[in-house]
Each structure stands twice: as structure tokens, then as C-alpha cells.
1. Could you tell me whether A:Val208 is within 22 Å of A:Leu168 (Cβ to Cβ), open to solvent by less than 40 Å² (accessible area, probe 1.4 Å), in a strand (DSSP E or B) and not hydroxyl-bearing (Ser, Thr, Tyr)?
2. With A:Leu148, A:Leu160 as the choices, which residue is away from chain B (no Cβ under 11 Å), crowded, with 24+ Cβ neighbours inside 10 Å and either modelled with pLDDT of 95 or more or part of a helix (DSSP H, G or I) (or both)?
3. In the stretch B:123-145, how many residues are in a helix (DSSP H, G or I) and free of Cβ contacts under 8 Å to residues at least 12 places away in the same chain?
4. Applying the selection to the stretch A:102-125, what residues are crowded, with 19+ Cβ neighbours inside 10 Å and either of a type in the set (Phe, Trp, Tyr) or not in a helix (DSSP H, G or I) (or both)?
5. Out of all the residues in the stretch B:194-206, is one or more in contact (Cβ under 8 Å) with a residue 60 or more places away in the chain, under 30 Å from A:Ala149 (Cβ atoms) and open to solvent by less than 40 Å² (accessible area, probe 1.4 Å)?
6. Can you tell me how many residues in the stretch A:146-176 are over 15 Å from A:Gln86 (Cα atoms) and in contact with a His (Cβ under 9 Å, 6 or more places away or on another chain)?
7. Report whether or not A:Arg81 is open to solvent by less than 40 Å² (accessible area, probe 1.4 Å), touching a residue at least 40 places away in the same chain (Cβ under 8 Å) and among the basic types (Lys, Arg).
8. Restricting to the stretch B:63-89, name every residue that is more than 16 Å from the chain's Cα centre (by Cα) and modelled with pLDDT of 95 or more.
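The values are calculated or read from the model by the stated rules, or taken from the named source; none is laboratory data. Bear in mind that the values here come from a model prediction, so they are computed numbers and not experimental data. Here the Cβ is made from the backbone with ideal geometry for all residues, glycine too, and neighbour counts use every protein chain on show. Note: areas computed on protein heavy atoms with side chains; ligands, DNA, RNA excluded. Shrake-Rupley method; radii C 1.70, N 1.55, O 1.52, S 1.80 Å.
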Amino acid sequence: MQQPRGLQVINVDKVYPTRSGNLQALARISLTVPPGEFVCAIGPSGCGKTSLLYILAGLEMPTSGQVLVDGQPVAGTEPSRVLLFQEAALFPWLAVEDNIEFGLKMKSLSRAARRATTQRLLQMVHLEPFADAWVHELSGGMKQRVALARALAVDPAILLLDEPFGALDAITRELLHDELQELWMRMGKTIVFVTHNVREAVVLGDRVVVFSPRPGRILADHRVDLPRPRHIDDPDIAELARRISADLLLSQDVEPA
Amino acid sequence: MSSRPEASPHVPPRPARRSPRVWVRRAVFLLAVLALWEILARSGWWPDYIFPAPSEVLLALAAGFQQGTYPVGIMGSLGRLIEGYLIATVIGLSLGLLMAQQRWLKETLGMLVMGLQALPSICWLPLALLWFGLNPEAILFVVVMGSVLAIAQATEDGVRNTAPIYLRAARNLGARGWQLYPYVILPAALPSIISGMKLGWSFAWRSLLAGELLYALPGLGNLLLMGRELNDMAQVMAVMLVIIVLGLLTDQLVFGVLERRVRDRWGLLRR
């Protein structure tokens with residue numbers, strides 16, 4: 001298994017040219033994530049969190065500044081840093097197991113090797129009976145599990161998650177919180193998880209980084225020293241979430257804790 | 001790891017099968033039309049050779065198959081159709097991919113493709129006869145021109161409208177350069193490509209028959225012409241029937257099946 005890697009974001013700015021002038025999404029973001037840490041980034045909608053993840057994934061380039069992975073500058077996207085999209089972004093022309101195998105197929109792995117990994121991951125995300133299902137036959141939570149399995153199949157050193165549970169109902173979301181924590185404790189990957197839900201951030205993260213409204217800057221950086229596995233209804237979680245929400249008082253788009 | 005079952009997968013309900021009553025209604029309607037036709041034809045208002053009865057058409061049909069003229073005609077036409085359609089598909093797919101790939105090609109060649117689509121393909125026949133002479137290639141050219149543009153345009157459309165998120169996800173998972181085409185861009189564009197190919201097939205079919213009617217080659221168009229020259233309307237109608245059935249069969253069996261498979265896969269609603 002890949003060793004987790006550290007991330008270093010140095011003075012990153014992101015500006016998008018639009019018809020009505022330039023739009024600054026990120027302003028002077030600096031952030032260091034040690035190998036194996038689970039960091040949650042939280043902020044109101046449109047604060048540039050997604051832009052930051054795209055930059056970390058190498059799908060977009062910063063306007064200025066730099067991203068280093070274990071000291072090496074990021075140039076382009078690669079499967080050592082996999083992004084889980086908000087909409088799961090599964091391929092509707094492929095069955096569930098072929099979706100999971102996608103990254104391995106791109107590496108030209110033999111069919112037998114691919115099937116072995118896929119079997120293991122299907123089991124891990126509790127979707128063995130759905131190996132042959134089509135994407136549209138899955139519920140929202142199942143889609144995100146397939147997306148997680150598809151990401152883990154290429155054994156990334158860093159996992160980037162963009163509000164993956166945002167569209168799910170509360171019960172499914174809590175279930176996936178448990179599963180993600182367990183996976184992380186077992187596999188120890190570096191994770192950057194973006195959300196606009198303060199409690200979700202506190203449940204999952206070793207650290208919660210708070211973003212301002214656009215242009216996104218880092219307002220605060222909280223450590224979460226609570227024992228795992230954590231649950232969204234733990235009183236300590238609620239208490240810390242309340243304090244972090246106070247940081248965000250000015251931005252109204254954040255779900256209250 | 002806990003294993004709590006989550007909501008069962010959501011499978012959209014399949015549309016109810018058409019009730020048998022619809023088929024009864026259709027059968028009754030068709031029988032009524034045939035009966036009316038037979039009565040009108042036998043009334044003696046028009047001579048047989050102008051307005052034959054359905055029974056005569058049926059006899060002509062049987063005779064045509066028995067004497068082997070229809071099978072020969074069908075094979076001739078279908079052979080030409082398939083040849084032209086395959087050429088059109090290869091050219092159309094490549095042209096569509098190129099236009100989707102290069103903006104300047106879309107802006108220049110794309111304009112030409114759009115413009116030429118306004119021209120009924122049979123209008124190419126005079127030119128084709130000049131270029132290729134009195135040869136089967138002239139008709140082949142008309143068939144290709146009939147379907148290539150529709151296929152190119154649908155391919156271009158489908159490829160250009162590939163959701164960017166699929167491309168991002170694929171690149172992020174390690175797909176590089178050429179791999180994007182077979183594994184992402186073409187499968188994502190497949191629904192659009194299939195409807196373009198279906199349209200292209202029916203254009204090819206129309207172009208072929210128009211061509212065969214104007215320029216005699218062994219084929220269904222030629223059988224229609226022969227019927228007219230012999231004042232044998234029963235033969236003409238029998239051949240028309242053959243043409244309708246062939247068109248319906250390919251539409252339903254080949255393209256219908258393909259479209260249904262793609263829709264089931266993607267979970268697209270049926271119209």
C-alpha cells in the first residue's frame with residue numbers, strides 16, 4: 001500500500017477571468033498537511049473550497065503560489081491524489097465493478113488482478129451484490145461508496161473529498177461518516193475533506209480549517225483532539241462545532257451546528 | 001466494519017407493456033383498410049393495372065419471391081446500402097471527432113456540413129454520374145453523401161457535449177491522451193452517435209432508392225421501374241411493401257435494440 005504523503009500549499013491565489021471582470025476564488029492560502037492527517041476544510045458556499053481541491057488534485061493550476069507533495073511541486077493530475085466529486089461522477093456506461101476498475105484498466109493491469117482488487121473493495125464498501133448493477137440503479141449513498149471504492153482502487157497517497165455526502169439524507173450520511181473513519185484508521189491515508197457542515201467537519205477531521213467567504217482565506221485552524229470513532233451526536237462534538245460556528249458568524253451559508 | 005443495509009437500489013419502474021387491446025384494435029383497423037381497398041378495387045371504377053386489389057398485390061409478392069427476382073433485388077439494394085453506409089459511418093465518425101477536437105474545423109468544415117445538409121442527397125446524382133460515369137459507384141456516392149453528414153454532426157455533438165466532469169474524473173484516475181477516446185469520450189457520446197447513425201441509415205435508404213429509380217441497377221428501385229414500364233401496379237405495390245418491411249425491420253431490430261440497450265444502461269427515460 002502507498003505510504004501517505006504530506007501536502008504543502010504555499011501562498012496560493014486563484015483568479016477566474018469572467019465576462020464581468022476577474023473573480024478571485026482563493027486569496028493567499030497557505031496550509032501544511034502532514035502525512036496521514038485527516039483535514040476538514042469548511043466554509044460558506046462559493047468560498048473557493050472546491051477550487052482548492054481541484055488545485056490539490058492537479059486538475060487546475062493556481063494563478064500564483066505553489067502546491068508541494070512531499071516537497072515536490074505538483075504538475076498535472078495523477079492517481080496518487082484522487083478526488084471524490086460532489087456528484088460522485090461515476091461513468092453511467094459502465095457497471096459498478098467496471099467503474100471501480102477504471103483506474104486499474106488505465107494502468108493496463110491484467111483482468112485477474114483488477115478483479116481481485118475490485119472484489120476486495122466491493123466487500124469493503126458493502127456493495128458485493130451490486131457488482132453488475134448500472135449506476136442509475138444505485139441510491140445516492142451507494143454511488144458515493146462506489147466512488148470511494150473507485151478512488152481506493154488506484155491506492156492513492158492522498159484522498160481529496162469534495163462535499164461527497166452533501167446531497168445525502170442524515171441517516172446515510174452518518175453511516176458513511178462511520179465507514180470513512182474506519183477506513184481512514186485502517187489505511188491511514190492523508191485526507192482533505194471539504195464540507196459546509198460544521199459538525200461533519202468536527203466528526204471527521206483531526207483538524208478543521210475555516211475558510212472566509214469569497215475570496216477564500218483561512219480564518220482559523222482548529223485541532224480536534226477527540227477520541228475516535230466519533231459520532232455526530234457526541235456532546236464534545238456539538239460543543240466544538242458551536243465554537244467553530246462562531247468563527248463563521250458573518251457568513252450565512254453555513255449549516256448551523 | 002459495520003454492515004448495516006442501506007435503502008435498496010432505486011430501479012425506475014418500467015413503463016407498462018402495451019395492453020393486448022391495442023393490438024386487437026390495430027389488427028381490426030388493418031383488416032378494415034384491406035377490406036375497403038379490396039372492395040374499391042373490385043368495384044370496377046378503375047382498371048386493374050391502375051388500382052390493383054390487395055389480393056393481387058399479394059400474388060405479385062409471392063410470384064416475385066418464387067421467381068427469385070425479389071431476393072435478387074433485395075440483395076442488390078441491401079448490398080449497395082450496407083457498403084455505402086459503412087463508408088459513410090467511417091467518414092462521418094472521423095469527421096465528427098475531428099470537428100469536435102478542433103474548434104477551427106468546426107467553424108469552417110462544420111458550416112459546410114450544415115449547409116450541405118440542406119441539399120437532398122439525390123441532387124448529387126448528376127454530378128456523380130459525371131464523375132463516376134454510368135457505374136454503381138455513382139449511386140454509392142449518393143448514398144454516402146446522404147448519410148455521412150448526419151453521422152458527422154451527431155458525433156460532433158455527442159463528443160462536444162461530453163460532461164467535463166467525466167473527463168476530469170478519468171484524467172484524475174490516470175487516463176492519458178488517447179485513452180480518453182475509447183474509454184470516456186466515445187462511450188459518453190454513444191447515445192448521440194447511435195441516434196446519428198440511425199438517422200444516417202434512414203437517409204442512406206432513401207438516397208439509395210431515389211438513386212435506383214433514376215438510374216437502373218439490379219435492385220428494388222429497378223423492380224419499381226420495371227413494374228411501371230409493364231403497367232403492372234401490383235408489382236409496384238408489392239415492391240413498395242417489401243421496402244416498407246425492410247425499413248421497419250432494420251429500424252426496430254438493429255437500431256431499436258441498440259437504443260434500448262443504451263437507455264437501460266444509462267437509466268434514460270423512454271419516450
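1. Yes.
2. The conditions single out A:Leu148.
3. Let us first name the residues in the stretch B:123-145 that are in a helix (DSSP H, G or I), namely B:123-132, B:136-145.
From what's left, free of Cβ contacts under 8 Å to residues at least 12 places away in the same chain: B:123, B:126-127, B:130-132, B:137.
Looking only at that region, the number is 7.
4. Of everything in the stretch A:102-125, those that are crowded, with 19+ Cβ neighbours inside 10 Å and either of a type in the set (Phe, Trp, Tyr) or not in a helix (DSSP H, G or I) (or both) turn out to be A:Phe102, A:Val125.
5. Here is the first cut: in the stretch B:194-206, the ones in contact (Cβ under 8 Å) with a residue 60 or more places away in the chain are B:194-198, B:200-201, B:203-206.
After this cut, where a residue has to be under 30 Å from A:Ala149 (Cβ atoms) as well, the list is B:194.
If we keep only those that are open to solvent by less than 40 Å² (accessible area, probe 1.4 Å) too, we end up with B:194.
Checking the stretch B:194-206: at least one residue is in contact (Cβ under 8 Å) with a residue 60 or more places away in the chain, under 30 Å from A:Ala149 (Cβ atoms) and open to solvent by less than 40 Å² (accessible area, probe 1.4 Å).
6. 1
7. Here the answer is yes, as A:Arg81 does meet what is asked.
8. Hits for the stretch B:63-89: nothing passes.
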